[in-house]
Every structure is written in C-alpha cells, then in structure tokens.
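Nothing in this text is a laboratory measurement; each read-out follows from the coordinates by a stated rule. Owing to the predicted nature of the structure, the values given are computational and were not obtained by experimental measurement. All Cβ positions, even for glycine, are placed from backbone atoms using ideal geometry, and neighbour counts span all protein chains on display.
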Amino acid sequence: MTHIILLLLGLLGALHGVPAAAEMLDRIVATVEDDVILDRELNEEVALISAKLRGGNVQAPPDFILRKQVLERMVLDKLQRQIAARSGIQVSDEMLANSVSEIASRNGLSVQDFQEELRRQGMQFKKFEENLRNEIEVNQLRGREIGSRIKVTDAEVAHYMETQGKAGQTHSQYRLGHILIAVSEGASASAIQRAQEKAEQIVRDLRTGKDFKQTAVSVSNDDNALKGGDLGWRNINQIPTLFADIVVGMNRGDISDPIRSPSGFHIIKILDVEGGAQHMVTKTKVRHILIKTNELIDDAEAQKRLIGLRDRILAGEDFANLARAHSDDKGSAVNGGSLDWVTPGALVPPFEEAMNKLEINHISQPVQTTFGWHLIQVLDRQSQDNSEQFKKERVREEIRKRKFEEETELWLRRLRDEAFVEIDQDRL
C-alpha cells in the first residue's frame with residue numbers, strides 16, 4: 001500500500017525530522033518575486049522526492065543535484081501560484097474534498113482509511129490538502145492561460161490519422177522517457193551550442209548504459225524530471241508533433257538523437273511498446289450552461305445563479321434560450337449550450353463524471369470544473385464500435401492535449417526567464 005500511494009500521489013505532505021536550530025529552519029534559500037522559499041521547505045520537499053524515487057526503484061542523484069532540481073520545481077510552482085492568486089483563482093472546499101475522495105478511491109480506500117494511511121506514513125493530512133489545493137489551482141491557471149489558445153484543424157487530424165496508420169495497430173501505444181536540456185528565449189549562439197553538446201553527451205552516455213531515469217532526475221529541465229522523465233503511455237496522436245515521426249521509427253529501448261525545439265534539446269527513449277485494441281464506446285449528447293468566477297462572481301454567487309436557472313428550466317423555460325442568454329461559454333452558447341456528441345476523455349473529469357451519472361433529459365446540480373460552474377443536461381447516449389468518425393474525434397482531442405503540453409512547456413520556460421528569482425547557491 002505504501003508503495004502504491006508513493007507512486008500515485010504527487011506532493012503528499014511533510015515528513016518528520018527537521019533541523020533543531022531555528023536559524024537553520026528560517027534561512028532563505030531563494031527569493032521568487034515577492035515571496036521566498038525557506039531551507040526548511042526545500043529540505044522537506046527533497047525528503048519527499050527521495051522517498052518517491054526509492055518507491056519507484058530509481059537511484060537518487062547526489063544530494064546537491066537533487067536539491068537543485070527540486071528547488072527549480074518549487075520556483076516554478078511558486079511563480080504559478082502567485083499568478084493564480086492575482087487572477088482570483090481559488091479552489092473551494094467542496095472541490096478539494098471531491099479531489100481527495102477521488103485520490104482515495106484510486107488507492108482502493110475510503111477517505112477515512114486514506115487519512116489513516118497517510119498518518120501511518122508520517123504525513124500530515126492538512127499539508128497534503130494544502131499541496132493538493134495548490135496543484136488544482138495551478139491546473140486551473142494553465143487551463144485559463146493556455147487552453148483557450150489551442151486550436152486543432154481538420155488537416156492536422158487527417159495528417160495524424162495517416163501517421164497512426166503508418167505506425168500500425170500492433171505498435172500503437174508507447175511508454176516514453178523524456179529529458180529536456182533547456183535553452184532560454186534569446187539565448188546566444190554559444191549558449192545554444194553548449195546545450196547541444198551537453199545533450200549529445202547525455203545521449204552517448206545513455207546509449208552506453210547509463211540509467212535513463214536517474215539521468216532525467218539529475219539533468220532534465222522538464223516538468224517530469226523528478227518522475228525519472230517518465231511521460232507514461234501514449235498513442236501516436238498524444239505524442240508531441242516534434243517527436244511523433246521519430247517515435248514511429250523507434251523500437252523498445254531506443255534513444256533518440258537530440259531534438260531541437262524552441263524550449264531546448266529533447267532526448268526521447270522508448271521505455272515500452274504495446275499494441276492497441278478496438279472497443280465499444282458510449283457517446284453522449286450533452287449541453288451545458290457555464291458561469292465563470294471572477295473578481296465580481298465568487299463560487300457561492302455562481303452556484304446561486306445556476307440554481308436559479310435550473311429552477312426556471314424545471315418550471316418550463318427553455319434550456320437553450322437560457323444558455324444563449326446566460327452561459328459564459330460563448331462557443332456553445334450560440335448553439336443553445338450544445339457540446340454535441342462527446343466521447344470518453346473529451347471533457348474534464350469533474351464534468352464527465354457528473355454527466356455520466358445523469359439520466360437522459362435530467363439536469364445536474366451545479367458542477368465545478370477548472371472552467372467555472374456548470375449546469376449539465378444529457379440529451380442522448382449511443383454505444384458504437386470504434387468507427388472512423390470516433391477515431392477522428394478522439395484524434396482531435398488527443399492533438400489538443402499534445403499541443404497543450406507543448407504550449408505549457410514554452411509558457412513555463414518564459415515564465416521562469418522573465419521572473420525575478422535569486423537563489424543562494426551557498427545554501428544548495
């Protein structure tokens with residue numbers, strides 16, 4: 001059980017054992033804009049990451065390298081939370097409780113048993129909730145800052161369906177390892193050359209037997225570095241455009257040459273490959289009304305407005321007319337709130353979970369997602385085989401997710417480059 005929870009959860013709370021002297025606890029190791037990171041906070045985070053690496057059978061790098069990698073992630077988290085706070089992004093207690101329940105369920109536990117398991121591992125549940133709240137806020141921020149800019153054309157769908165066909169049905173799922181050697185925007189030619197030489201040396205080391213996960217933890221500038229660079233299982237359409245054609249020609253265990261992008265130099269390893277299978281899917285025809293929160297509309301007000309609209313619909317008013325007049329999702333509002341037919345995985349999890357529980361023509365209570373608060377109505381459901389149209393819809397969503405990852409990587413690098421960050425190197 002301990003091994004499962006350490007692998008599935010991200011930041012889980014504070015471990016025991018901190019320096020005794022107050023001056024050691026309160027030393028500032030980094031200044032991030034108008035906030036600071038304390039040596040105590042860094043020590044706690046390093047202890048947690050070390051435990052996760054041990055749980056995943058990944059050898060940790062030397063302490064000073066691990067501290068540097070962990071501190072960089074903490075800096076990025078701090079910068080994102082600062083922007084989220086300025087943007088008025090908040091996670092309600094209800095949304096936090098639902099997320100805790102979902103994580104406990106994934107571990108096969110009730111919430112109470114999950115809290116007991118955390119305590120047995122020396123983890124504070126309040127600290128766990130605080131970290132989870134921060135993680136949700138960051139995800140909401142990324143959805144707001146990046147999600148609205150992502151567009152997928154029919155030509156892109158057609159191209160990647162062709163690429164998937166070339167990959168073949170027996171090799172449709174890839175488990176990828178990723179290392180990024182970052183290059184700042186506006187970097188000099190000499191800095192780019194040094195990064196390329198570093199990436200090329202890493203590839204040579206990996207091809208002569210150096211452990212990929214340990215190397216990723218030590219040197220990668222990617223957000224997944226502290227997971228050993230493991231990007232998980234993906235089919236070809238979920239793989240960034242930059243890597244897709246290269247991955248198709250690789251076999252299990254292969255390591256790519258450095259791949260140049262605006263973010264820097266990428267190194268890909270095929271950790272595993274497996275075939276895919278067709279299956280029946282249930283499509284849902286759904287519509288919604290969205291109320292976004294902002295400086296004037298908080299969670300309570302958004303719920304109040306939606307409850308009022310729900311009462312009006314139940315009293316006989318037309319859902320579509322109210323969606324046109326009140327929904328903040330302007331793309332669907334013009335169609336009476338219709339999202340048309342959607343397939344599993346196409347919508348954010350809280351929306352999809354609420355939608356799947358609804359009977360046809362029933363209307364949900366207000367549901368919170370990263371986009372705001374929704375009223376949801378299911379109009380119809382259909383089960384079908386993995387048809388050509390379904391493939392296109394699935395591919396479109398997977399390309400959108402891939403683009404989101406690419407844009408997020410660029411956004412994080414830009415955010416880090418433009419921020420005021422001062423690190424006390426002597427305390428690393």
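Values computed for the structure shown
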item: Dipole magnitude (debye, nearest 20) for the chain, charges at Cβ of Lys, Arg, Asp, Glu; result: 840 debye
item: Hull-based mean projected area of the chain, where the convex hull spans the alpha carbons, in square nanometres; result: 22.8 nm²
item: Residue of PRO344, PRO62, PRO366 that the Gaussian network model of the chain assigns the largest fluctuation, springs spanning Cα pairs under 10 Å; result: PRO62
item: Rounded to whole Hz, the Karplus (6.51, -1.76, 1.60) HN-Hα couplings of the stretch 298-303, x for glycine and proline; result: 8, 4, 5, 5, 4, 5
item: Neighbour cut-off at most 16 other Cβ (10 Å), DSSP loop, trypsin sites (Lys or Arg not before Pro), the stretch 225-333; result: ARG252, LYS292
item: Of the GluC sites (Glu not before Pro) in the stretch 277-324, those whose Cβ has at most 10 other Cβ within 10 Å and which sit in DSSP loop; result: GLU295
item: Distant-in-sequence amide H partners of ARG381 (H built 1.01 Å from N, under 5 Å); result: LYS285
item: Above-threshold pairs, the threshold being 30 Å between Cα atoms, out of LYS52/LYS401; LYS78/LYS285; LYS78/LYS304; result: LYS78/LYS285; LYS78/LYS304
item: 222 nm mean residue ellipticity, helices alone, for the chain (DSSP H n ≥ 4; -39,500 (n - 2.57); rounded to 500); result: -16000 deg cm²/dmol
item: Scattering curve values for the stretch 281-384, log₁₀ I(q)/I(0), Debye with Cα scatterers, q = 0.11 Å⁻¹; result: -0.29
item: Residue among HIS326, HIS266, HIS178 with the largest mean-square fluctuation in a Gaussian network model of the chain, springs linking Cα atoms under 10 Å; result: HIS326
item: Under 15 Å from LYS213, Cα to Cα: aspartates and glutamates that are on another chain or at least 8 residues apart; result: ASP205, ASP222, ASP223, ASP230, ASP254, ASP272
item: 30 Å Cα-Cα threshold exceeded, pairs from LYS151/LYS283; LYS330/LYS403; LYS227/LYS292; LYS269/LYS391; result: LYS227/LYS292
item: Candidates ALA155, ALA225, ALA30, ranked by Gaussian network fluctuation over the chain, Cα under 10 Å, top entry; result: ALA155
item: Amide H partners (placed H, <5 Å) of VAL29, local residues excluded; result: ILE37, LEU38, ASP39
item: log10 of Debye I(q)/I(0), alpha-carbon scatterers only, for the stretch 17-107 at 0.10, 0.13 Å⁻¹; result: -0.38, -0.64
item: Tail fraction, Cα-Cα pairs, the stretch 40-181, threshold 20 Å, whole percent; result: 67 percent
